[in-house]
Amino acid sequence: MRRTLPAVILAAGLLLTACGTESAQDGPGEEPTSTAASPSEPSTEPSTEEPTSPEEPSSPEPTGPEAPADTGAPAGELPGEVVDIPPLNEVVAVIGVAAGSGLNLRHGPGTEFESVGTLDPLAVSPAHGEVRRREDGSHWAQVMRTDGWFYWVNMRYIAFPGQSTDITADLPELPSAATVEEAGLLVARQRTADQPPSVETVVVDGPVEGDAGEVVIDVVGLGDDALAGERLRVVTERTDQGHTVRSVELTLLCARGATEDGLCE
């Protein structure tokens, strides 16, 4: 059986950011997953030019609460086929969305519907029962926002959070790098050494620099139909070698749900 996190935890984890389709992600071919730069290459600042397809995520400006708007076409007129797969009254987490961006909440199951806001890259949200599959193969699910209304998100960017474990002792080595982000990406590289080319690493929170640094990285596209990805919370300390990894916590991001023990189904 799956379990639902207490509502009080969900409310603390849900963060609404600004409206607008150019500041977030929600579908293949429309708004790509932003991946972090390789440790051997310097990171670059996002372009300030008018984005062209595919769109470049940018940092949204927070706004106050938004009144519920027209939720679009009636359910019977929505595009796509209703499919009997999760989520069904479950808790889902945003995954694979770059820090400073967000996951679009839309009036309907597709990028042609207006975005009413975004979910933060580390947000969790209660999900509604309906999932629709579009002709392009994308799946869209309804999730609830803080105003109590349900909106649609692309299921490519949500998963069921599973158990968290300390995997520091399992690493072949504790790498060092010039920056906290580079050290975290070296840990992700260790985790994906034997994985297919489809694997993507996305910095979803941080990095926090300093004597004690921290960065959160999502590893997605692992080629396991039960595992949507892994979330790595990497803590570093400043040493003579730069920033050396001190500990790594791994959280399972499940594609079809999690058991009572937090394992992916």
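Against the definition (open to solvent by less than 10 Å² (accessible area, probe 1.4 Å), closer than 18 Å to SER101 by Cα and free of Cβ contacts under 8 Å to residues at least 60 places away in the same chain), how does VAL215 come out, yes or no?
Values: open to solvent by less than 10 Å² (accessible area, probe 1.4 Å): yes; closer than 18 Å to SER101 by Cα: yes; free of Cβ contacts under 8 Å to residues at least 60 places away in the same chain: yes.
Taking the combined requirement at face value, the residue satisfies it.
Residues of the range 91-110 being assigned to a loop (DSSP other than H, G, I, E, B) and either among the aliphatic types (A, V, I, L, M) or surrounded by fewer than 22 Cβ atoms within 10 Å (Cβ to Cβ) (or both), which ones?
We begin by selecting, within the range 91-110, every residue assigned to a loop (DSSP other than H, G, I, E, B); these are 95-102, 107-110.
Hits for the range 91-110 are ILE95, VAL97, ALA98, ALA99, GLY100, HIS107, GLY108, GLY110.
What number of residues within the range 142-176 are closer than 21 Å to GLU230 by Cβ, of a type in the set (Gly, Ala, Ser) and assigned to a strand (DSSP E or B)? I'd like the intermediate steps shown before the answer.
Step one: filter the range 142-176 for residues closer than 21 Å to GLU230 by Cβ, giving 153-175.
Add one more test, that the residue is of a type in the set (Gly, Ala, Ser), and what stays is 159, 162, 164, 169.
Restricting the remaining residues to those that are assigned to a strand (DSSP E or B) gives 159, 162, 164.
Here the count works out to 3.
Tell me which of these ARG256 doesn't satisfy, since it passes every other one: (1) more than 17 Å from the chain's Cα centre (by Cα); (2) open to solvent by 40 Å² or more (accessible area, probe 1.4 Å); (3) of a type outside the set (A, V, I, L, M, F, W, C); (4) under 17 Å from ALA93 (Cα atoms).
Against the list (1) more than 17 Å from the chain's Cα centre (by Cα); (2) open to solvent by 40 Å² or more (accessible area, probe 1.4 Å); (3) of a type outside the set (A, V, I, L, M, F, W, C); (4) under 17 Å from ALA93 (Cα atoms), ARG256 comes up short only on (1).
Regarding THR236, is this residue over 18 Å from VAL97 (Cβ atoms) and in contact with a helix residue (DSSP H, G or I) (Cβ under 7 Å, 6 or more places away or on another chain)?
Details: over 18 Å from VAL97 (Cβ atoms): yes; in contact with a helix residue (DSSP H, G or I) (Cβ under 7 Å, 6 or more places away or on another chain): yes.
So THR236 passes the test.
Looking at the structure I just gave you, is ALA188 outside any strand (DSSP E or B), out of contact with any Phe, Trp or Tyr (no Cβ under 7 Å at 6 or more places or on another chain) and either touching a residue at least 24 places away in the same chain (Cβ under 8 Å) or closer than 30 Å to VAL131 by Cα (or both)?
Numbers: outside any strand (DSSP E or B): yes; out of contact with any Phe, Trp or Tyr (no Cβ under 7 Å at 6 or more places or on another chain): yes; either touching a residue at least 24 places away in the same chain (Cβ under 8 Å) or closer than 30 Å to VAL131 by Cα (or both): yes.
For ALA188, the condition - outside any strand (DSSP E or B), out of contact with any Phe, Trp or Tyr (no Cβ under 7 Å at 6 or more places or on another chain) and either touching a residue at least 24 places away in the same chain (Cβ under 8 Å) or closer than 30 Å to VAL131 by Cα (or both) - is met.
Considering SER164, SER115, which residue is of a type in the set (Ser, Thr, Tyr), more than 20 Å from GLY257 (Cβ to Cβ) and at pLDDT 90 or above?
On the way: SER164 fails: more than 20 Å from GLY257 (Cβ to Cβ).
Every option except SER115 fails the conditions.
ASP170 - would you say it is over 15 Å from the mean Cα position of the chain (by Cα) and either charged (D, E, K, R) or open to solvent by 40 Å² or more (accessible area, probe 1.4 Å) (or both)?
On the way: over 15 Å from the mean Cα position of the chain (by Cα): yes; either charged (D, E, K, R) or open to solvent by 40 Å² or more (accessible area, probe 1.4 Å) (or both): yes.
It is true that ASP170 is over 15 Å from the mean Cα position of the chain (by Cα) and either charged (D, E, K, R) or open to solvent by 40 Å² or more (accessible area, probe 1.4 Å) (or both).
The values are calculated or read from the model by the stated rules, or taken from the named source; none is laboratory data. Predicted model, so just to flag it, every value in this text is computed and none were measured. All Cβ positions, even for glycine, are placed from backbone atoms using ideal geometry, and neighbour counts span all protein chains on display. Just so you know, the surface numbers come from the protein's heavy atoms only, side chains and all, with ligands and any DNA or RNA stripped out. Shrake-Rupley method; radii C 1.70, N 1.55, O 1.52, S 1.80 Å.
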